[in-house]
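This report concerns only the one structure given below.
The values are calculated or read from the model by the stated rules, or taken from the named source; none is laboratory data. As the structure is a prediction and not an experimental result, all values here were calculated from the model. Heads up, the Cβs are rebuilt from the backbone with ideal geometry, glycines too, and the neighbour counts pull from every protein chain shown. Only protein heavy atoms, including side chains, enter the accessible area calculation; ligands, DNA and RNA are left aside. Shrake-Rupley method; radii C 1.70, N 1.55, O 1.52, S 1.80 Å.
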Amino acid sequence: MKLYGSTNLRSFNTLKLRAALAETGAPHEFIAVDLQKGEHKRPAFVAINPHGKIPVLVDDGFTLPESDAILWYIGEKYPEAKLLPRADGSLAAAQGRAQVLRWCDFASTAVYPAYAEFYTYALGEADKRLPWIAEAALQKIARATAVMETVLTTQQHLAGGFSLADLSNTAILVTLKLRLPSDPLADRPHTAAWFQRVTTRPAWAQVVADIK
């Protein structure tokens with residue numbers, strides 16, 4: 001199994017996948033793709049993913065781009081890691097899996113777009129910066145973390161037990177902590193405690209140590 005991705009800690013889509021693979025303990029090779037050098041546009045890489053984007057997983061001839069699809073595949077392939085409730089046909093399992101998917105979607109469709117807006121209009125090219133859009137993006141991020149805070153007030157993890165949902169949301173929060181002008185969890189004590197629980201897991205610490 002090979003995972004093509006970025007070595008930048010701010011690349012949350014790669015980070016969540018490396019953390020998931022570390023949780024499974026599955027043997028795999030990580031192949032760094034340097035975006036600054038345009039390696040994702042070279043013919044050898046485009047032959048793997050015509051979209052010319054990372055991350056990409058290659059597993060014994062099976063090629064899968066798109067980080068959320070890869071994350072789900074890892075959860076499905078390694079059920080013993082318990083990153084995803086087993087699909088046993090029961091209503092409880094279906095609901096548990098739906099909750100995990102809900103939170104993965106939350107990271108990708110609520111938190112990430114707000115971050116992208118902030119980055120573009122606060123940290124992007126100087127002539128394109130629009131402070132009022134950047135401020136609105138920060139408000140969207142605050143609203144998202146408030147939702148997380150409400151849920152984590154009554155439970156240890158986002159989707160019940162530790163799961164892909166926690167890895168997905170923790171990864172984007174790492175990026176927010178590195179990029180935003182202030183800590184997005186400064187007034188979110190339950191979310192901050194959850195973030196600490198996830199990032200101190202041995203698998204997560206191992207991945208971050210490799211990146212640094």
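Based on this model, can you work out whether residue 83 counts as crowded, with 16+ Cβ neighbours inside 10 Å, modelled with pLDDT of 95 or more, of a type in the set (A, V, I, L, M, F, W, C) and within 12 Å of residue 164 (Cα to Cα)?
On the way: crowded, with 16+ Cβ neighbours inside 10 Å: yes; modelled with pLDDT of 95 or more: yes; of a type in the set (A, V, I, L, M, F, W, C): yes; within 12 Å of residue 164 (Cα to Cα): yes.
For residue 83, the condition - crowded, with 16+ Cβ neighbours inside 10 Å, modelled with pLDDT of 95 or more, of a type in the set (A, V, I, L, M, F, W, C) and within 12 Å of residue 164 (Cα to Cα) - is met.
Provide a single number: the residues in the stretch 39-62 that are under 20 Å from residue 16 (Cα atoms) and surrounded by 19 or more Cβ atoms within 10 Å (Cβ to Cβ).
Going through the stretch 39-62 one residue at a time, the tally reaches 6.
Only one of (1) without any contact (Cβ under 8 Å) to a residue 40 or more places away in the chain; (2) in contact with an Asp or Glu (Cβ under 9 Å, 6 or more places away or on another chain); (3) open to solvent by 30 Å² or more (accessible area, probe 1.4 Å); (4) not charged (D, E, K, R) is not met by residue 137, so which one is it?
(3)
It is to be established whether one or more residues within the stretch 105-114 are surrounded by 14 or more Cβ atoms within 10 Å (Cβ to Cβ), over 13 Å from the mean Cα position of the chain (by Cα), outside any loop (DSSP other than H, G, I, E, B) and at pLDDT below 95.
No, the conditions are met nowhere in the stretch 105-114.
Out of curiosity, is residue 180 closer than 28 Å to residue 7 by Cβ and among the aliphatic types (A, V, I, L, M)? Break it down into steps so the answer makes sense when it comes.
Details: closer than 28 Å to residue 7 by Cβ: yes; among the aliphatic types (A, V, I, L, M): yes.
Yes; evaluated as a whole, the condition is true for this residue.
Residue by residue through the stretch 1-11, note down the ones that are assigned to a loop (DSSP other than H, G, I, E, B) and not polar (S, T, N, Q).
Of the stretch 1-11, the ones assigned to a loop (DSSP other than H, G, I, E, B) are 1, 6-11.
Answer for the stretch 1-11, where residues must be assigned to a loop (DSSP other than H, G, I, E, B) and not polar (S, T, N, Q): 1, 9, 10.
Looking at the stretch 88-101, which of its residues are open to solvent by 60 Å² or more (accessible area, probe 1.4 Å) and over 17 Å from residue 66 (Cα atoms)? Walk me through how you get there before you give the answer.
The initial filter retains those residues of the stretch 88-101 that are open to solvent by 60 Å² or more (accessible area, probe 1.4 Å), namely 88-89, 91-92, 95, 99, 101.
Result: 88, 89, 91, 92, 95, 99.
Within the stretch 149-183, how many residues are among the charged types (D, E, K, R) and in a loop (DSSP other than H, G, I, E, B)?
First, the residues of the stretch 149-183 that are among the charged types (D, E, K, R): 149, 166, 177, 179, 183.
Filter once more, so that each one left must be in a loop (DSSP other than H, G, I, E, B): 183.
Total meeting the criteria: 1.
Could you list all residues from the stretch 142-159 that are within 28 Å of residue 181 (Cβ to Cβ) and of a type in the set (S, T, N, Q)?
145, 150, 153
Could you identify the single residue in 146, 186, 192, 122 that is more than 14 Å from the chain's Cα centre (by Cα), at pLDDT 95 or above, over 27 Å from residue 23 (Cα atoms) and part of a helix (DSSP H, G or I)?
Values: 186 fails: part of a helix (DSSP H, G or I); 192 fails: over 27 Å from residue 23 (Cα atoms); 122 fails: at pLDDT 95 or above.
Matching residue, one of 146, 186, 192, 122: 146.
Go through (1) open to solvent by less than 50 Å² (accessible area, probe 1.4 Å); (2) of a type outside the set (Gly, Ala, Ser); (3) touching a residue at least 40 places away in the same chain (Cβ under 8 Å) for residue 179 and report which single condition fails.
Of everything listed in (1) open to solvent by less than 50 Å² (accessible area, probe 1.4 Å); (2) of a type outside the set (Gly, Ala, Ser); (3) touching a residue at least 40 places away in the same chain (Cβ under 8 Å), residue 179 misses just condition (1).
Hey, can you tell me all the residues within the stretch 12-56 that are touching a Gly at 6+ places or on another chain (Cβ under 7 Å), not in a helix (DSSP H, G or I) and not hydrophobic (A, V, I, L, M, F, W, C)?
Across the stretch 12-56, the qualifying residue is only 55.
Can you tell me which residues in the stretch 184-196 are surrounded by fewer than 17 Cβ atoms within 10 Å (Cβ to Cβ) and over 23 Å from residue 7 (Cα atoms)? Steps first, answer last, please.
Taking the stretch 184-196 as the starting set, the residues that turn out to be surrounded by fewer than 17 Cβ atoms within 10 Å (Cβ to Cβ) are 186-187, 189, 193, 196.
If the condition is that a residue be surrounded by fewer than 17 Cβ atoms within 10 Å (Cβ to Cβ) and over 23 Å from residue 7 (Cα atoms), then 186, 187, 189, 193 are the ones that fit.
Among the candidates 69, 47, 20, single out the residue that is farther than 18 Å from residue 174 by Cβ and within 12 Å of the chain's Cα centre (by Cα). Give the steps one after another, and end with the answer.
Details: 47 fails: within 12 Å of the chain's Cα centre (by Cα); 20 fails: farther than 18 Å from residue 174 by Cβ.
None of the others qualify; the one that does is 69.
Working only within the stretch 86-104, note down all residues that are touching a residue at least 24 places away in the same chain (Cβ under 8 Å) and either within 20 Å of residue 11 (Cβ to Cβ) or in contact with a helix residue (DSSP H, G or I) (Cβ under 6 Å, 6 or more places away or on another chain) (or both). Working first, answer last.
Here is the first cut: in the stretch 86-104, the residues touching a residue at least 24 places away in the same chain (Cβ under 8 Å) are 96, 99-104.
Of everything in the stretch 86-104, those that are touching a residue at least 24 places away in the same chain (Cβ under 8 Å) and either within 20 Å of residue 11 (Cβ to Cβ) or in contact with a helix residue (DSSP H, G or I) (Cβ under 6 Å, 6 or more places away or on another chain) (or both) turn out to be 100, 103, 104.
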